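Have a look at the structure below, then the notes.
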Amino acid sequence: MTTKSRPSPLRRTLIGALTATLGLAGVLVGGVSAASAHEPRASVTCQQLTVTLEDYNSNATNTVEVWVDDTVVQPETPFETSFARTYAFDDSTVAHTYRVSVHASDDPDGSRGYSVDESGSSTACPPAAPTVTASAQACTTPGGTTGTIDATITGAPGRGYTATVKDRTGQALTTIPVTDGTATFADLPLNADYTVTATDTRADVHSTSDVVHLGDCPPALPTINAQAQQCTTPGGTSGSITIATATTPGRDYVLTVTDAAGTTVATRTLAGSASGSTTIDGLPTGGSYTATVTDTGSQQTASTQPVALQPCPALPPHQATTASGTGSTLASTGAAPAPWLIVSALALFAGIGALTAHRLRRS
């Protein structure tokens, strides 16, 4: 019969302490393992849904299924120990619903937290502010008083916008819907600055406004008309043309007259006037002339049709005849001799002739 010796009290104490320590360690290890296993997570932002499943039992049967806005975006899919995927929302500016269903065969009733069926919704992201680019249409209507501004609006897809044009004091003049990303503002007063602003119709978000200057239209075209002042002086050699013009007050003009060969024969400077008249004298008769008025700033011109100056009336034949033997002409008197003067001259010549004949017979 063998007799076993009992451990000393100190040894029994050490053994007991070691056993307790090992047991506590086992409990801690087991607790950490249980807490870290089977971690289902669904996180959502205004832009996307993220599903993360970690530390699942590979020996179990695990599946996951995902819906967004009641539409299946992830059909029932098996996985082993983990699963991770992100689902972007089509329109981040509106809220979306989601549902995530996870089934783990080692937690069939979900009491352990491995199998979950989670639903929720996202919060809409604030819409991005639209951008605006405004440009003034070049006015091509001479004398026009209003103009047009075109605006291009770029914003988030699927959203509606309105566009507003304001004058330089900030007063809103008109607001119109944006169609196909553009808006047109017509009949705006010229020579002024305007601000165009876009607004999201579902959220009061304004763009960074664009400022544009609407300049003047070209000045009104000048008008011109010419009338010949025909010569009435017998034997004269020059005439005149009277030219009527309608131009824009405050602008400067040049009036030119050219002959049939295109040679400039007269030039005048004119101040703009709604109604003006200019007479050009000393133009040789027997030719045609064209008058042209030119805006010195815009270089706009207007011209008349050729205007003919007829020759002056001719002198009577007896005024153009040189008096015989005197070296002078009757035309120099400026008038025809009276009939009585002619009769007297003839009688005088007859008397002289008779006297001369009588003297010859006596001699």
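The values are calculated or read from the model by the stated rules, or taken from the named source; none is laboratory data. Source: prediction; values computed, not measured. A quick note on method: Cβ atoms are made from the backbone with ideal geometry, for glycine too, and the neighbour counts reach across all protein chains shown.
For the condition exposed (fewer than 10 other Cβ atoms within 10 Å of the Cβ), within 22 Å of Leu221 (Cα to Cα), at pLDDT 90 or above and not hydrophobic (A, V, I, L, M, F, W, C), what is the one hit in Thr269, Thr263?
Sole residue among the options that is exposed (fewer than 10 other Cβ atoms within 10 Å of the Cβ), within 22 Å of Leu221 (Cα to Cα), at pLDDT 90 or above and not hydrophobic (A, V, I, L, M, F, W, C): Thr269.
Given the residues Thr233, Thr242, which is the only one that is more than 41 Å from the chain's Cα centre (by Cα), over 30 Å from Gln137 (Cα atoms) and not in a strand (DSSP E or B)?
Thr233
What number goes with the only condition from (1) touching a residue at least 40 places away in the same chain (Cβ under 8 Å); (2) surrounded by 13 or more Cβ atoms within 10 Å (Cβ to Cβ); (3) of a type in the set (D, E, K, R) that Asp187 does not pass?
(2)
I'm trying to understand the selection: among the residues of segment 108-164, which are assigned to a loop (DSSP other than H, G, I, E, B), without any contact (Cβ under 8 Å) to a residue 60 or more places away in the chain, not small (Gly, Ala, Ser) and not assigned by TED's automatic domain parsing to the domain that holds Gly181?
Once the filter is applied, which keeps residues that are assigned to a loop (DSSP other than H, G, I, E, B), without any contact (Cβ under 8 Å) to a residue 60 or more places away in the chain, not small (Gly, Ala, Ser) and not assigned by TED's automatic domain parsing to the domain that holds Gly181, segment 108-164 yields Pro108, Asp109.
In this structure, is Asp216 assigned to a loop (DSSP other than H, G, I, E, B), of a type in the set (Asp, Glu), over 14 Å from the mean Cα position of the chain (by Cα) and farther than 30 Å from Thr279 by Cα?
No, not satisfied.
Suppose we filter segment 76-129 for residues that are over 30 Å from Arg159 (Cβ atoms) and within 55 Å of the chain's Cα centre (by Cα); how many remain?
3
Suppose we filter segment 87-100 for residues that are hydroxyl-bearing (Ser, Thr, Tyr), more than 15 Å from Thr52 (Cβ to Cβ) and not in a loop (DSSP other than H, G, I, E, B); how many remain?
Going through segment 87-100 one residue at a time, the tally reaches 1.
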